[in-house]
Each structure stands twice: as C-alpha cells, then as structure tokens.
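S.K.: The structure under discussion is supplied below as structure tokens; questions concerning it will follow.
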Amino acid sequence: MRESADRSAATAQAVVMRGITKRFPGVVALEDVGLEVCRGELHAICGENGAGKSTLMKILSGVYPPDEGGLEIGGQPVIFAGTKDAEQAGIAIIHQELALVEDLSVAANVFLGREKRTPLGLLDDRAMHNECRRLLAILECHVAPGTRTGSLRVGDQQLVEIAKALSLEASIVVMDEPTSALTESESARLERTIARLLANGTTILYISHKMDEVFRLADRITVLRDGRHVCTVDRAATNPRQITGWMVGREIADHAFAVGRARGPRVLEVRDLTLPWPNHPRGYRLSQVSLDLHAGEILGMAGLMGAGRTELLEAIFGAEEPIWTGAIRLDGQPVRFRHPREACAAGIAMVTEDRKRLGLFPDLDVAGNVSLCSLQESLRGGLLSRRAEEELVATPIRDTGVKTPGVHASIMGLSGGNQQKCIIGRWLLTKPRVLLLDDPTRGIDVGAKAELYALIDRLCRNGLAVILTSSELPELLTLADRIIVLAEGRLTAEFSRAEATEEKIMQAATGG
Amino acid sequence: MSQSDAFQKPSFLFRPGEWALVLAIAIAIALTGLVDTNHSYWFQPLASLRDIARNTALLGIFALGATVVIIAGGIDLSAGSMIALSGTICATTMLALAPAQMMGFRPVGLVAVAAGCAASLLVGFLVGTLHTWLITAVRLPPFIATLATLVGLRSFARALCESSTAALTPTKSALINVSDPVFKAIRDNVWIPVAVFGILAIVTWLLLTRTVLGRHIHALGGNEQAARLAGIRTDNVKWFAYCFGAMTAALAGLFYVANESVAAPVNQGRGHELNAIAAAVVGGCSLAGGVGTVPGTVLGTIFLRVVIDAVSKIIKTGADVYEGLIVGVVVVIAVTLAQVGQLAKGGRRLLPGALGLCAIPTLSLLAGAVAAMTTGGRTGIATGLVAAALLALLRLWESRRTA
C-alpha cells in the first residue's frame, strides 16, 4: 500500500470516478456520474436527499460495486470487492448512521476487525488502549478508551469513527453529513479536526446539507441532482444561493413567513416547570421554565443538544411519567397528562424528533400511518372500512401536500419530507389546538423544507398554536414570532422576532 | 416503485406468499396420494381428511393466539404449558364439583362441564394478565417472562393435579380421567373443533384487519415507541394480545382433554408452543413484529399438519417420532423460500467459504441419517452421497457466479 502511494504521488488526483452508474430495483441511483478529487483538498458534495451522494460514497468505499464505470485511486485503476479493499487503498468512510458496536468499548470499536494481539495471540488491550488514547487526544475527545461506546454522546461517537479512520492511516476520508446530529460546539471541534487532517495532507470528501458549513470548509463543490452530476465548481466562484438552486433545479426564494400573522388568545401556559433528573449531578433536566403560547403564533425554541427542548415538549405532551413540578395550564385549566392519549384528547399534538424511531410505522401503509390517531372516524358499523379510511386521509394528504403514488403505498418508499408531512397530517386529523413540532425538518432536503415552512405557516394562520424547535437557527428566525432559548435546562432568553439574531441566540444558548 | 405498486391493489383472497402455501399444500397432498403405498388418500379420503382436520384445528386454535402475540411484537413460549394447565383446571373443577361421577366414569352434568371450561378460560385470562404484568410492569423481556411460565405452569399444573387428586380421591395421581359424554361427543365429532377453529379464525381475522384494536396491534408490533407517542395505550393492547394468546391455548387445552379423555399435565401439549410459532412463521409472520395475517397462519398450520401426515403415511411409522424433525425442516425451507428472490438477485451465497464447506457434510449426514432410519442403510448412504453431490454442485455454481 505504501508503495502504491509513493508511485502515485506524481498525480494530482486522489480520486477519479468515471461514468459511474448504479441501479437499484426500480430506481437508477446514479447515472454516468464523474468525480475528480484533488489530493489534499476538501471536496464538498451537495444534493438533495435521494440525489445519489451517499450511494456514490458507498461505491467509493467499496460498500457496493458500480454497475458501470471505473474508479482510480491515486492514478491506479482499482476494483473494490468490499470495504476491506477500500480500507487497504486508504479510504475510510464515516457513515451518516454511525456504524459502531454500542456494547463494546471505544478502543474495541476503533480496532474492530484489526485487533492488536500479544505474541501469545491474545488481545493486547493495553496497546489498543494506549493507541486509542493517543488518537482521541489528537481529536480533543476526552473519553477513556474503556468506556462503553453506547454511553457516549453522538458527537463523541462520531469522533470515535474518525479515530478509527485515523488508525487506518487513511489518505482519503469520506464524511457523510457528519454534523447532522452535533451541537454547535461539537461541530466547531469537528472543524478543527478537519483542519488538522487537511494539514497532514488527507483528502476529505464531505457531504452536507448545510451551506454555511460547506462554504466555510470546502475547496471545491460538486452538486448532484437526481443521480446525475450537475457541476463541480471552486468555492470562490459561487455562492450558497446558486448551489441550492443547482441542488433543487430552481432558486429558492427566502420567505419572511411571520409577517402579518394575527396573534389570538393565550392557549397554553407553563409556569416554573421543573423536571428532576435523578442520579445526575445537575439534578434536573428542566428548572423553573415558564412560557406562554397564543393561538395563531409560532413560538420558536432554541437550544443545544441536551438543553432540554425535547424534555419540555414531552412534559407538556405527557410522553413520560409526570414527575415534574410547577404548572401547565391549557385554556387556563391546570393539566397534568400521564399518557399522550390524554394530551391528544385535550387537543395537543406532537410531531416527534426522530421520525424513524418515534414517528413512523414501517409495516403500515401511507393511509394507515395517517389515520392511526383518528381510526374511530373510519368505522362503519363498528368495523374499519377501507373506503372510509381512504376518504378520511384524503384531506390531510392533500392539505399537507404529500406526494405519494397512492394512499396504500408503502410509507418507507416516500422521501423524508413526505413522511414528515404524513405525520403532521396524522395529527391534523385529531384537530389539535396546540401543535408541538420537535425539529421537524431534520434530515429533510432543501426543497421539502421550504414546503414544510409554508405548511407550518399556513396552519398557524388558521389559528393553530405552534411550538417549534430546530437545530438550525435560520429556520427559527424564518418561521417564529418569538424565540425562547434553553441552556442546560434553564430558560435563558426570550426574543421577539425583531430582536432575534443568530449571535444573540447562540450567546444565550451557550452561556446564559 | 414496484413494491409500492403491490400495495395499491388489495390482493385477491390471499397474498402472493400465501398462494405459494396453497400450492405447496396441494403438491404435498398430491405427492402423498401418489407415493403412499397404501394409497389411503384414495381409499379412505374421509378418514384421512378427518385426521388432518382434527390436528389442524387443535394446532390452529392456539396458533391464532401466537399470531396475535407475534404481530403485537411479543412472543408467547408458554402455550404448551397453558394447554396442560387448562386441561388440569377443567378436570380438577369437575372433580371438585362431582367427585363421585368423575371417578365412576359417569356423566358429571352440564353445569360441572360448563364450570370446568369457564374456569380454564378464566385461568387463561389470568395467565395472560400475569405475562403482561411481568412484561410491562416488571419490564422483563417477553421471551424471559414466557420462558418462566413455560416451565412454571406445567410444574404448577402437575402439582395441582396431584394435590387435588390426593384431597378428592383415594389415591394421588398425575392424571385425571375425563369421560363425560360432552367430551366424548367432541372427541367423536371432529367437526366441532374444526368449526371452533373456523369461527375463531374469522373472528381473529376481523379483529386484526377491521377493528381499531387490530390496527393498534399492528402499530404496536411495528414501532412500540411511536405507538405510545401516537396516543395508543400500548400496555392495554399488550394485555389483550397476551390474554388472547393464553386463552386460545386454554381453549385448545379443553380439546386436548376431550381428544385424549384425560387431563395429563405431565405430557399434554408438551412442546406445542413451538409448533404454533412455527405455523405463524411459515404463514408469513415476522418475529420482529408488525407483520402477519390470519389466512397466512391458517395455511401455515394446514401445511405443517399435511406434511406431518404425509410423512407418517409414506414411511408408515408414527408421525410423532418425526414430528419435531419435520416441523424444523419445514420452517427452515419455508422461510428460505420466502427469500429466494433476494438470494437470486442479491448475489448472496448459501454455501460461502469455510462455513459452506462444513455445511455440505452436515446437511448430507442429516439427510443420509434420516433416510437410513426410515428406509434402511443402503438408501441412507445413497441419499447422503446424492445430497453431498448436489450441494457440492450448488457450491461450485455459486462460486462461479460471484467470481
């Protein structure tokens, strides 16, 4: 491997992919895609979900073979029969969905499949721990090599993956949306790591949705759309709006949604909500949080991961045992929901944060996913009627603009944006007055996000009271009438739309 | 896209996989008719049918229970022990109400019979409740909770049988004879259990496809967390599923008592829970939950019983000797065939690497040994060699294809 690296030092291209075509049953994921990545650059790959970014990277890292086309690494044509071959050629990939064994230690994960051994053939834990500690120190990751990986935060787990890439001495590192689950400070740490890798001559392929990140980090940008290569440009020669335009095939207009919304009467009131956190040094998940929510208003909630956003929404919705103190009042009446069923009956709906894990039913079709909370309405003579169910779901599917081949299509065949619209449609059928949206646009592509914004705005104008959390500040600034900020379980600031800026919110979210 | 198209139309009567089962059942029956040297399917069609129908109905009744539990994302390993307990409860109740008649092999009266059956079903409900409590309140995994009752209930049933006979009859006994005419009538008229199975299947099918509770069962099995957050009282849905599972086993237990004219907690229903789970899995249930149909389970049950019957007809030894072996093989083949499309397309290999090499003699030995035991040493050796040759060819073909 060393040898080939020396020989290829003459070529400027670290990776050349030519005419790559990949078909899956029923879909052409990639069609005649070419990609040239220069040695030592950070090459960003942009595109909507389903554009083929991840598939292209999986071909590069040997997960799939291409149906057509060829691959050159450092000037040498290569054929990868599996990920092992790609590793041998110096390619490491950090998958979007982390591929770590949660029950093994950090060191065991870093050396998984390449364990160091003592002369007797037994595992050499000490050597692995030492090496692992050294790698983690480089990455500013302060966890012990013996820690169970599953107990780490997502940001640290990601660094464990990067440590694995480092231990492979990979010359090409692929990062598939690495910051999608990271807090701002973890993202900053990751960016320092990236800078260090680049300084050592590593080539990085970087997939991201986030334009600010791409424009801060990338040397060159490749845009894919619908499995085809659109263009590759120098960062300096373009701007974010042009890139998103290429990604969706049209330019996205920035809307100022909140203009001219009329605020109605107060619907929900939270006073001094404190949620204890047993066996934790801080002692509470939420402390003395108060807020008001009016009809026809979107209340944005900002905060880093672990700030307590989800916990606050869950306490209101009754998703967990109500061990909180304080008061929650709905229309002035004190409420204390012990089960989501009660909240639902009282007119509160919650679209949960992790769509796949907490929202979707993969074995039910689109209609089944939408009608689930209002099945009583599709009963005819005491039994569920297929026709009544189709009629019931037709309205929310039309109103939320779900694009589906049919109401009985598989929900898993829809894009993330359409799945999310189905879930919102499910809750609209319960005729809620308060809608809690926990990071509804996470993992959804740019075009679908704009549609969701318009949908949320429309619902709000129809008199719904909405609490919206988001890990992307521009989203809150676009949609919300007011923004409250949580930091470490406390409410640290409240801004009107006019006052709020990203800087002020970040300051409140990090320090308070 | 092709997958979503399949969801567009409701398929006629059965789903594609279920039509394959219908075909498999037809083939098994036709083959048995041809190969069986006594040709009993030709000469005694009614007797053969009666035999298969009785066994299918008995297994099917609690396989429907297993189906509901599996779709709800759980598992109930205790059905076999529940059958034993149910029979014992019924017999003990009748013994307590009419000891003289029970011991004298005389009619015990309709009231006592009804009380015995009601007591069994009530105990089914209690066991289902116990399972749900262990799973939702104590938070045991369903496998552990029902494993505990699998071993516990049978032992409990035997203890109950012995202590009640000790108290109510002159001698302590591990079985209680049941010879009431009601039970005899059920034994002699096979269509009673078949009718009960048929009605129960229709009710379960309506429940799963056409009621809110049924939809909630599917949702619970598909994604429990999401189901709770969608406002479904998941604990109550589980409670229903485990009670349904235990009560169908209790119902089956009554038929076993009738069939064998005895409540025998030591052996009745032993291992039957796995047959029920096998029938559900062959019928297309996924042990991951959320997936399964009543027609699938009914066909899976018929298929299992037809194959078991076929083997006993062909090799002329008691089916019970080979029953476990047949169920095992059928489950493996049925689930493998369900993935045949993937196997062909995905380039996946059945005999990869060193594991594949070792699997060839393992499978050939198994085939040879079974053939030797049923038809004699020489055929056994021949069968083993042929199996080895075929597997070696498959291996060669697979390595050619991927190379």
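Every read-out reported here was derived from the displayed coordinates using simple, explicitly stated rules and does not represent laboratory data. For clarity, every value in this text was computed on a predicted model and none was experimentally measured. Cβ coordinates were reconstructed from backbone atoms using ideal geometry, including for glycine residues, and neighbour counts include every protein chain displayed.
S.K.: Quick one: work out Rg over Rh on the C-alpha atoms of segment B:96-231, Rh as Kirkwood radius. Before the final figure, lay out the partial values.
M.R.: Numbers: Rg = 19.9 Å, Rh = 18.6 Å.
Rounded to two decimals, Rg over Rh is 1.07.
S.K.: Given 25 °C and 0.890 mPa s, compute D for segment A:381-512 with the Stokes-Einstein relation, Rh being the Kirkwood radius over Cα pairs; round to the nearest whole µm²/s.
M.R.: Details: Rh = 16.6 Å.
Roughly 148 µm²/s, to the nearest whole number.
S.K.: Right, something else. Quick one: what does P(r) look like for segment A:21-127 with 10 Å bins over all Cα pairs, in whole %?
M.R.: 12, 36, 30, 17, 6, 0
S.K.: Long-range amide H contacts for A:Gly463: which residues qualify at under 5 Å (H placed 1.01 Å from N, peptide plane, sequence gap of 5 or more or a different chain)?
M.R.: For A:Gly463, the qualifying residues are A:Gly296.
S.K.: Next question, about the same structure. Which Cα, out of B:Ala72, A:Gly74, A:Leu190, lies furthest along the positive dipole direction of the protein assembly as shown (beta carbon charges, K/R +1, D/E -1)?
M.R.: Going by the Cα projections, it comes out as B:Ala72.
S.K.: Now for a separate question. I'd like to know which of A:Val366, A:Ser471, A:Thr21 lies farthest towards the positive end of the charge dipole of chain A, counting +1 on Cβ of Lys and Arg and -1 on Cβ of Asp and Glu.
M.R.: Value: A:Val366.
S.K.: What is the gain in length, in nm to one decimal, between B:Arg400 and B:Leu110 on full extension, counting 0.36 nm per residue of separation less the C-alpha to C-alpha distance? Numbers along the way, then the final one.
M.R.: Working: separation 290, 0.36 × 290 = 104.40 nm, distance 7.04 nm.
This chain segment gains 97.4 nm when fully extended.
S.K.: At 7 Å along Cα-to-Cβ for each site, give me the label-to-label distance between B:Leu363 and B:Trp191 in nm.
M.R.: So the label points at B:Leu363 and B:Trp191 sit 4.5 nm apart.
S.K.: Can you tell me which of B:55-67, B:368-380 comes out highest on packing, and rank the rest after it, using the mean Cβ neighbours within 10 Å?
M.R.: Per-residue Cβ counts within 10 Å, averaged per peptide and sorted highest first, yield B:55-67, B:368-380.
S.K.: Sticking with this structure for a sec: Beyond 24 Å between alpha-carbons counts as too far, so tell me which of A:Lys58/A:Lys84; A:Lys210/A:Lys504; A:Lys58/A:Lys116 fall in that bin. The partial results should precede the final answer.
M.R.: Values: A:Lys58/A:Lys84 13 Å; A:Lys210/A:Lys504 20 Å; A:Lys58/A:Lys116 27 Å.
Over 24 Å Cα-Cα: A:Lys58/A:Lys116.
S.K.: Here's something else I'd like to know. What is the sum of charges around B:Ile232, taking Lys and Arg as +1, Asp and Glu as -1, for the other residues whose C-beta is under 10 Å from the C-beta of B:Ile232?
M.R.: Numbers: positive: A:Arg341, B:Arg215, B:Arg228, B:Arg233; negative: B:Glu224, B:Asp235.
Computed value for this residue: +2.
S.K.: Can you run phi through the Karplus equation (6.51, -1.76, 1.60; θ = phi - 60°) for segment B:356-363 and list ³J(HN,Hα) in whole Hz, with x for Gly and Pro?
M.R.: So the J values, rounded to whole Hz, are x, 4, 6, 5, 4, x, 4, 5.
S.K.: Which of A:Lys22/A:Lys421; A:Lys164/A:Lys403; B:Lys184/B:Lys316 have a Cα-Cα distance over 31 Å? Mind showing how you got there, number by number?
M.R.: Working: A:Lys22/A:Lys421 29 Å; A:Lys164/A:Lys403 40 Å; B:Lys184/B:Lys316 28 Å.
Pairs exceeding 31 Å: A:Lys164/A:Lys403.
S.K.: Which value, in debye to the nearest 20, gives the size of the charge dipole of chain B about its Cα centre, when Lys and Arg are +1 and Asp and Glu are -1 at the Cβ?
M.R.: Working: 27 positive and 16 negative charges, 128 e Å.
Value, rounded to 20: 620 debye.
S.K.: To the nearest 20 Debye, how big is the dipole of the protein assembly as shown about its Cα centre, given +1 on the beta carbon of each Lys and Arg and -1 on that of each Asp and Glu? Intermediate values should be presented prior to the final figure.
M.R.: Working: 87 positive and 83 negative charges, 347 e Å.
Computed about the Cα centre, the dipole is about 1660 debye.
S.K.: Give me the Kirkwood hydrodynamic radius of the protein assembly as shown in Å, from all C-alpha pairs, to one decimal place?
M.R.: On the way: mean 1/r = 0.0314 Å⁻¹.
It works out to 31.8 Å.
S.K.: Can I ask one more? Can you run phi through the Karplus equation (6.51, -1.76, 1.60; θ = phi - 60°) for segment B:239-256 and list ³J(HN,Hα) in whole Hz, with x for Gly and Pro?
M.R.: 4, 4, 4, 5, 5, 4, x, 5, 6, 5, 5, 4, 4, 4, x, 4, 5, 4
S.K.: State, to one decimal in nm, how far the label point of A:Glu321 lies from the label point of A:Glu140, with both points 7 Å from Cα in the Cβ direction.
M.R.: Here the answer is 4.0 nm between the modelled labels.
S.K.: What share of Cα pairs, in percent, lie more than 17 angstrom apart in segment B:351-402?
M.R.: Working: 480 of 1326 pairs.
It works out to 36 percent of all Cα pairs.
S.K.: Further question: Using the scaling law 2.2 N^0.38 Å as the reference, what is the normalised Cα Rg of segment B:276-400? Mind showing how you got there, number by number?
M.R.: Details: Rg = 16.6 Å, N = 125, 2.2 N^0.38 = 13.8 Å.
For segment B:276-400, the normalised Cα radius of gyration comes out at 1.20.
S.K.: Something else now. Check A:Gln96: other-chain or 5+ apart residues with amide H under 5 Å from its amide H, H built from backbone geometry?
M.R.: A:Asp176
S.K.: A further question on this structure: Taking amide H positions as placed 1.01 Å from N in the peptide plane, with prolines and chain starts having none, which residues 5 or more places from B:Thr211, or on another chain, fall under 5 Å of its amide H?
M.R.: Here A:Leu384 satisfy the definition.
S.K.: Right, something else. Limiting things to C-alpha atoms, what are the Rg and the maximum Cα-Cα separation (Dmax) for chain A, in angstroms?
M.R.: 24.7, 78
S.K.: Rounded to two decimals, what is Rg over Rh for segment B:38-131 when you use alpha-carbon atoms and the Kirkwood radius? Before the final figure, lay out each step's value.
M.R.: Working: Rg = 17.7 Å, Rh = 15.8 Å.
The Rg/Rh ratio comes out at 1.12.
S.K.: Moving on. Between rounded, prolate and oblate, where does segment B:14-338 land on the alpha carbon gyration tensor, with a ≥ b ≥ c its root eigenvalues, rounded for a/c under 1.5, else prolate if a/b exceeds b/c?
M.R.: Working: a/c = 1.89, a/b = 1.07, b/c = 1.76.
Oblate, since a/c reaches 1.5 and b/c is not below a/b.
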